[in-house]
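One structure below.
The values are calculated or read from the model by the stated rules, or taken from the named source; none is laboratory data. Note that the structure is predicted; figures quoted are calculated from it, not measured. All Cβ positions, glycine included, derive from the backbone under ideal geometry; neighbour counts span all protein chains shown. Areas reflect the complete protein model, heavy atoms only, side chains present, ligands, DNA and RNA absent. Shrake-Rupley method; radii C 1.70, N 1.55, O 1.52, S 1.80 Å.
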Amino acid sequence: MPTIQFKGKTFVQNHHLAVPHHQLVPDKKKSLTDRVSLHDNLIIHGDNLLALKALLPTYAGKVKCIYIDPPYNTGNEGWIYNDKVNSPIINEWIGKVVGKEGEDLTRHDKWLCMMMPRLKLLKELLADDGAIFMSIDHNELGNLRILMDEIFPDNFLGIISVVNNLKGRSDDEFIATANEFLLVYAKNKRKFEMGGLPLSKIQLIEYDQEDEWGRYKEVGFRKTGKGWRKKDRPNMFYPIYFDNTTGKVSITRTSKNDIEILPLTTDGEEGRWRWGIETFLDRKDRDIVVKQVRTGRWQVFTKMRLDYNGEHRTLLPKSIWIDPKYDTAKGAAFLKEVLHNDAFDNPKPLDFITDILRVSCNKNDLVLDSFAGSGTTAQAVLELNKEDGGSRKFILVEMGDYADKITAERIRRVIKGAPNSSNELLRKGLGRTFSYFELGDPIDISNIL
């Protein structure tokens, strides 16, 4: 298992255990509910390390999807290390702005010391079948990957390159950066199920045929890709017989004129079909087509239907997300439209977070964002609930002094209605409630025991 060494690691690797539990103090005036509750949608104002520890008694092991957008450590963010770690070395960092590359020789150490205890608490909050998605750029991608491999061993799911500025940043010195990264880990990848994304307009066009059961496209019935050989699934190697006169297909020969078709490659290697015999017999009359292709060979195709099991077909997320809807400018434009200001730098576009939720959680799951920023994650939860009738809930944690006036205010307007929005749904409001909490005093556990 890879590990990463950095200045201060010995003092922070178990710091999350020493962080005291704090009270979560409700603020009725800033909430949008008649009954403030820790079991409502939550917005918590305060240091996210302390807030995560305060959430453990209620939410340990219950969060299905975590999304975080931590400081990228570019040297231009002005972030300050403020964790009260019992170390003279680290205490020298407290209250000082982290400098740029070449100016602050411990900038990466500080970032890793800040992230490690937070990631360990996030892991405790994550459900066994949950996953964590982390936005990051090149400054700390390598360090974060190794740190996550240490904290979430053998549970790496992938790195997605998200194109969020197709033109590229013109002020970059050598290569115009057009993307950021989304690093994805599971709590236990044997229990996590990755969902799918809706098909794009171009992909929908491919479903260009239709029968009484709906739209479909034809794909080869012989398995391709991983596990295509007969030895991989011997029970999926069997002959298919085709009567060219009647168009009937079967797994047994019914006439001397039947054409026998086997799942062979063009080189004659033995492959396998996509389905076993039982599924083939059940679906052959509706979903199997046999055609003679240009080479003269007879081939078997299946109808891949647009609607599958009562729902529109989806696709697994790819390692590159490239779509105008992911452009950072989309997030900024929305904030300006709804809040009438552009005081927040680079807010994440709504569709980006929504797609993360589509592939990571179901209708009744809990979503946590501990670097909440402008509150895009909460809006994505609310919009997805409106779309499919779900009951997902969100927990946002934001330490900035804008937690009420930007983060919470955005969600108030989204819930109640934003009259100036160009989106009819948002003008009417999405509904739901949230409870607003401040971090209170430390709790003396000894008085409780």
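Working only within the range 42-87, note down all residues that are free of Cβ contacts under 8 Å to residues at least 24 places away in the same chain and either among the hydroxyl-bearing types (S, T, Y) or in contact with a helix residue (DSSP H, G or I) (Cβ under 6 Å, 6 or more places away or on another chain) (or both). The one that is free of Cβ contacts under 8 Å to residues at least 24 places away in the same chain and either among the hydroxyl-bearing types (S, T, Y) or in contact with a helix residue (DSSP H, G or I) (Cβ under 6 Å, 6 or more places away or on another chain) (or both): T58. Considering the range 407-449, the residues that are in contact with a strand residue (DSSP E or B) (Cβ under 9 Å, 6 or more places away or on another chain) and more than 20 Å from V36 (Cα to Cα) include one that is modelled with the lowest pLDDT, namely I443.
Only a single item in (1) basic (K, R); (2) farther than 21 Å from N244 by Cα; (3) over 36 Å from the mean Cα position of the chain (by Cα) is not met by K284, and it is number (2).
Filtered by the rule that a residue be within 23 Å of G195 (Cβ to Cβ) and surrounded by fewer than 21 Cβ atoms within 10 Å (Cβ to Cβ), the range 116-135 gives K123, D128, D129.
The strands (runs of 3 or more DSSP E) falling completely within the range 251-311 include none with 3 or more residues that are more than 19 Å from M236 (Cβ to Cβ). Does L38 satisfy the condition of being assigned to a helix (DSSP H, G or I), surrounded by 13 or more Cβ atoms within 10 Å (Cβ to Cβ) and either among the hydroxyl-bearing types (S, T, Y) or touching a strand residue (DSSP E or B) at 6+ places or on another chain (Cβ under 9 Å) (or both)? Answer is no for this residue. When the strands (runs of 3 or more DSSP E) confined to the range 197-242 are screened for residues that are surrounded by 14 or more Cβ atoms within 10 Å (Cβ to Cβ), those reaching at least 2 such residues are found at 214-220, 240-242. Of the residues examined, F181 is one that is modelled with pLDDT of 95 or more, of a type outside the set (D, E, K, R) and open to solvent by 20 Å² or more (accessible area, probe 1.4 Å).
Run down K393, K386, K330, K363 and say which single residue is touching a Pro at 6+ places or on another chain (Cβ under 7 Å) and open to solvent by 50 Å² or more (accessible area, probe 1.4 Å).
Numbers: K393 fails: touching a Pro at 6+ places or on another chain (Cβ under 7 Å); K386 fails: touching a Pro at 6+ places or on another chain (Cβ under 7 Å); K363 fails: touching a Pro at 6+ places or on another chain (Cβ under 7 Å).
Within the list K393, K386, K330, K363, the selection yields K330.
For the range 106-118, state whether one or more residues are over 30 Å from N364 (Cβ atoms), β-branched (V, I, T) and in contact (Cβ under 8 Å) with a residue 60 or more places away in the chain. Checking the range 106-118: at least one residue is over 30 Å from N364 (Cβ atoms), β-branched (V, I, T) and in contact (Cβ under 8 Å) with a residue 60 or more places away in the chain.
Conditions tested, residue by residue: (1) farther than 18 Å from K120 by Cβ; (2) open to solvent by less than 70 Å² (accessible area, probe 1.4 Å).
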residue	(1), (2)
I4	no, yes
F11	no, no
H16	no, yes
D27	yes, yes
T33	yes, yes
H45	yes, yes
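A single member of Y72, Y67 is touching a strand residue (DSSP E or B) at 6+ places or on another chain (Cβ under 9 Å), aromatic (F, W, Y), in a loop (DSSP other than H, G, I, E, B) and buried (at least 16 other Cβ atoms within 10 Å of the Cβ), and it is Y72. K336 meets each of the listed conditions (1) within 30 Å of W213 (Cα to Cα); (2) of a type in the set (K, R); (3) without any contact (Cβ under 8 Å) to a residue 24 or more places away in the chain apart from (1).
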